[in-house]
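Down below is the structure, laid out as structure tokens.
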Amino acid sequence: MVRDKTPTAQETFLQMAQAAGLRGRLLLTLGMLILVRLGVFIPIPGINRQAFQAATETGALSAIIGFLDVFTGRGLSTLGIFALGILPYINASIILQLLTAALPSLEKLQKEEGEAGRRKIAQITRYVALGWGIIQSLGLAIFVNQFAESPGPLFIAQMVLALTAGSMFVMWVGELITERGVGNGASLLIFVSIVSTLPRSLGQTIDLAQSGDRSVVSGVIILLLVFLAMIVGIVFVQEGTRRIPIISARRQVGRRLYLEKSSYLPLRLNQGGVMPIIFATAVLSLPIYLSQFFGDNEMVTRVLSYLRPGTWVYVLLLLLLILFFSYFYASLVVNPVDMSQNLKKMGASVPGIRPGKATSDYLERVLNRLTFLGAIFLGLVAIVPAAVEGATRVTTFQGLGATSLLILVGVAIDTAKQIQTYVISQRYEGMVKQ
């Protein structure tokens, strides 16, 4: 058996069953995910849920809760103690990423302080998540107060305390999974929340297909085929890289002459992953949030009518925002100047390109082209499923759109890679013991 090849599925499942370390990590991960899912259905007492559901089934609030429910596993619609889920931590992470690019002190912590700097940034992220959780809990509590059995400041304080504590517990579970489990904890929590909405959507789709209407049946088949094609495309784009060849200079150590070594520098086609779509959708959801403070204002209602999902204004703004955030996030992830300097320090260069500024300019041109192609793909993934749903009039998968598909596929790929890496490390441990 070749020791460094990718492990087969049979070997991976064998290691998952036999290796005590991997088995323990998997059991911890599954146990924590189940615990969080149970917490979603533990209700916050003192709320008239029938009145709350009736008020949020239509209108702008329905769109907001439907979008956020994807990330909370229907936590907001059920008003459980884990209603906010991992959302405050995600928002805090996004804020810290933006601040790291803007504040030199945070950038220094991330790049120059090593592990200690990353721990400080993680601690700051927790404090920001706590503050953001209190703000979101307060906003939700003030809105739900009208549906409370005993409304008032005491109910608001109790609900803020319950929601904030639940959110901090979910954040702790995510970090515990990342440290002692398998995969990224926050990503897996979102993954499970999205998967939890699938049985309901599939059940509604099956019931719709059993109605006997041929146009509905053909619409369901077309929609499922589109989702399948999107998943395949996402896998190719997520794994797609541009390999830039690099060569190392000749070195002479004593009497031995080391010849040039050739390798490559991988640049991903989609540097930002799902983040550009999340940012763009969050920005377009902001007017709906703010509209709640203006009541039934005629001008606000007219503006919101143009920003409804599916309108040409919404589609155009979504594409432009995805393009903008794709370039923004790529600039955070990859710095062509730093890459050029690192290559120069290692005595490596791109064939036909002079070291230094010429190399950084070349890398920046390649990165810009890759980012543009990745942004176009993200735009298609964001628009096509919704367009097909509108054309086929099959809306049972509403909410399972571009963001959900990208998260599902991306998290599944990353978690599978981590398990394969662990299996490969077990091989080498076995070789050492032999």
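Residue-wise test of (1) within 20 Å of Ala375 (Cα to Cα); (2) modelled with pLDDT of 70 or more; (3) outside any loop (DSSP other than H, G, I, E, B); (4) not assigned by TED's automatic domain parsing to the domain that holds Phe372.
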residue	(1), (2), (3), (4)
Thr281	yes, yes, yes, no
Phe294	no, no, no, no
Val300	no, no, yes, no
Val303	no, yes, yes, no
Tyr314	yes, yes, yes, no
Leu321	yes, yes, yes, no
Ser326	yes, yes, yes, no
Gln341	no, yes, yes, no
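Which of (1) at pLDDT 85 or above; (2) within 24 Å of Gln50 (Cβ to Cβ) is the odd one out, the single condition Leu140 does not satisfy?
(1)
Residues to consider are Ile222, Ile206, Ile177; find the one that is closer than 20 Å to Thr72 by Cβ, assigned to a helix (DSSP H, G or I) and β-branched (Val, Ile, Thr). First the steps, then the outcome.
Details: Ile222 fails: closer than 20 Å to Thr72 by Cβ; Ile206 fails: closer than 20 Å to Thr72 by Cβ.
Ile177 is the lone residue from the list that is closer than 20 Å to Thr72 by Cβ, assigned to a helix (DSSP H, G or I) and β-branched (Val, Ile, Thr).
I'd like to verify a number: residues in segment 70-128 that are of a type in the set (Ser, Thr, Tyr) and more than 18 Å from the chain's Cα centre (by Cα), how many?
Taking segment 70-128 and keeping what is of a type in the set (Ser, Thr, Tyr), we get 72, 77-78, 89, 93, 100, 105, 125, 127.
From what's left, more than 18 Å from the chain's Cα centre (by Cα): 77-78, 100, 105, 127.
Residues in segment 70-128 being of a type in the set (Ser, Thr, Tyr) and more than 18 Å from the chain's Cα centre (by Cα): 5 in total.
Taking the options Leu370, Leu400, Leu378, name whichever one is modelled with pLDDT of 85 or more and hydrophobic (A, V, I, L, M, F, W, C).
Values: Leu400 fails: modelled with pLDDT of 85 or more; Leu378 fails: modelled with pLDDT of 85 or more.
Just a single option satisfies the conditions, and that option is Leu370.
If you go through segment 309-344, how many residues are in contact (Cβ under 8 Å) with a residue 60 or more places away in the chain and over 22 Å from the mean Cα position of the chain (by Cα)?
Selection size over segment 309-344: 3.
Name every residue in segment 102-158 that is assigned to a helix (DSSP H, G or I) and touching a strand residue (DSSP E or B) at 6+ places or on another chain (Cβ under 7 Å), in order of residue number. Reasoning before the result, please.
Taking segment 102-158 and keeping what is assigned to a helix (DSSP H, G or I), we get 102, 104-112, 114-147, 153-158.
Within segment 102-158, Val144, Phe147, Phe155 meet the criteria.
So is Thr125 at pLDDT 80 or above, hydroxyl-bearing (Ser, Thr, Tyr), at negative phi and surrounded by 14 or more Cβ atoms within 10 Å (Cβ to Cβ) or not?
On the way: at pLDDT 80 or above: yes; hydroxyl-bearing (Ser, Thr, Tyr): yes; at negative phi: yes; surrounded by 14 or more Cβ atoms within 10 Å (Cβ to Cβ): yes.
So Thr125 passes the test.
Take segment 206-225 and flag every residue that is surrounded by fewer than 19 Cβ atoms within 10 Å (Cβ to Cβ) and among the small types (Gly, Ala, Ser).
Passing the criteria: Ala209, Ser211, Gly212, Ser215, Ser218.
One line per residue, one yes/no per condition, for (1) surrounded by 13 or more Cβ atoms within 10 Å (Cβ to Cβ); (2) at pLDDT below 85:
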site: Ala9; (1), (2): no, yes
site: Leu28; (1), (2): yes, no
site: Leu38; (1), (2): no, no
site: Ala55; (1), (2): yes, yes
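In segment 147-205, how many are small (Gly, Ala, Ser), modelled with pLDDT of 90 or more and surrounded by 21 or more Cβ atoms within 10 Å (Cβ to Cβ)?
Kept after step one, since they are small (Gly, Ala, Ser), are these residues of segment 147-205: 148, 150, 152, 157, 162, 165-167, 174, 181, 183, 185-187, 193, 196, 201, 203.
Imposing the further condition that a residue be modelled with pLDDT of 90 or more reduces the set to 157, 162, 165-167, 174.
From what is left, the residues that are surrounded by 21 or more Cβ atoms within 10 Å (Cβ to Cβ) are 166-167, 174.
Adding up the residues that qualify gives 3.
The values are calculated or read from the model by the stated rules, or taken from the named source; none is laboratory data. The shown structure was predicted, so the numbers you read here are calculated from the model rather than taken from an experiment. Heads up, the Cβs are rebuilt from the backbone with ideal geometry, glycines too, and the neighbour counts pull from every protein chain shown.
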